[in-house]
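Notes follow once the structure below has been shown.
The values are calculated or read from the model by the stated rules, or taken from the named source; none is laboratory data. The shown structure was predicted, so the numbers you read here are calculated from the model rather than taken from an experiment. Here the Cβ positions follow ideal geometry from the backbone for every residue, glycine too, while neighbour counts run over all protein chains shown.
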């Protein structure tokens, strides 16, 4: 059952966007009926976001008619679909993808022009930079920042290769209680805040490769993007960016393992 669901989800996403999107409306309607409307892939992309990124106007119309959530965000940047469309306004790529038409459809569907990514860029600001007036008649609202999110270190390593390296998968799947690791948490950018968060593992559950960890946060909370009051987090091997050796029993200090 799980394998069939994973397969159907992959087909759902591949139809809506990507390198070889099929853009089959009948397939889209079947997926909507099956309850896949607001599913997010491993990167946080929804059918609506993929349709926007690939310029599928008919698909966007169908998804919005089915009340697709316009505010679900791409995990790494916190970017909503409207910002993806607005980023191409006034560019050659935007003309190819009919970005102005997509912006109009998304706004009519309730998308928020003041929903920012993790770096504070909103669709309204993106349009202004490009000299576009798509949002001129829409009253400005307080900027809506995305929630902080623990990032997938495997995705970061791929995106920033070779500058960003992580330990091999086997090591990240066999961490033990007492060991410490670095996670990356992106959230609203603020002076003095850092993305790297050091946590120490307090429990593990599940079997490889689906092992999960619970850990206490050791980096001072005021220095990172996690919400105030958060003292522990849960994550998987895919989130581990670097590894520390277990704390020595009789010696002070820790050394960081090269990765």
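Residue by residue through the stretch 51-67, note down the ones that are over 13 Å from residue 27 (Cβ atoms) and touching a residue at least 12 places away in the same chain (Cβ under 8 Å).
52, 53, 54, 55, 57, 60, 61, 64, 66, 67
Out of everything in the stretch 160-208 that is more than 26 Å from residue 115 (Cα to Cα) and in contact with a helix residue (DSSP H, G or I) (Cβ under 6 Å, 6 or more places away or on another chain), what residue ends up being surrounded by the most Cβ atoms within 10 Å (Cβ to Cβ)?
172
Residue under question is residue 27, and the condition is that it be closer than 14 Å to residue 10 by Cα, surrounded by fewer than 21 Cβ atoms within 10 Å (Cβ to Cβ) and either at pLDDT below 95 or not assigned by TED's automatic domain parsing to the domain that holds residue 15 (or both); does it hold? Break it down stepwise before answering.
Working: closer than 14 Å to residue 10 by Cα: yes; surrounded by fewer than 21 Cβ atoms within 10 Å (Cβ to Cβ): yes; either at pLDDT below 95 or not assigned by TED's automatic domain parsing to the domain that holds residue 15 (or both): no.
Judged against the criteria, residue 27 is not a match.
With surrounded by fewer than 21 Cβ atoms within 10 Å (Cβ to Cβ), in the same structural domain as residue 124 (by TED's automatic domain parsing) and within 30 Å of residue 129 (Cα to Cα) as the only criterion, which of 61, 33 stands out? Steps first, please.
Details: 33 fails: within 30 Å of residue 129 (Cα to Cα).
The match here is 61.
Take the stretch 70-98 and flag every residue that is outside any loop (DSSP other than H, G, I, E, B), in contact (Cβ under 8 Å) with a residue 40 or more places away in the chain and either touching a helix residue (DSSP H, G or I) at 6+ places or on another chain (Cβ under 6 Å) or surrounded by 24 or more Cβ atoms within 10 Å (Cβ to Cβ) (or both). It would help to see each step written out before you state the result.
Quick first cut of the stretch 70-98, residues outside any loop (DSSP other than H, G, I, E, B) only: 81-86, 92-97.
Within this subset, residues satisfying the condition of being in contact (Cβ under 8 Å) with a residue 40 or more places away in the chain are 82-83, 86, 96-97.
Of everything in the stretch 70-98, those that are outside any loop (DSSP other than H, G, I, E, B), in contact (Cβ under 8 Å) with a residue 40 or more places away in the chain and either touching a helix residue (DSSP H, G or I) at 6+ places or on another chain (Cβ under 6 Å) or surrounded by 24 or more Cβ atoms within 10 Å (Cβ to Cβ) (or both) turn out to be 82, 83, 86.
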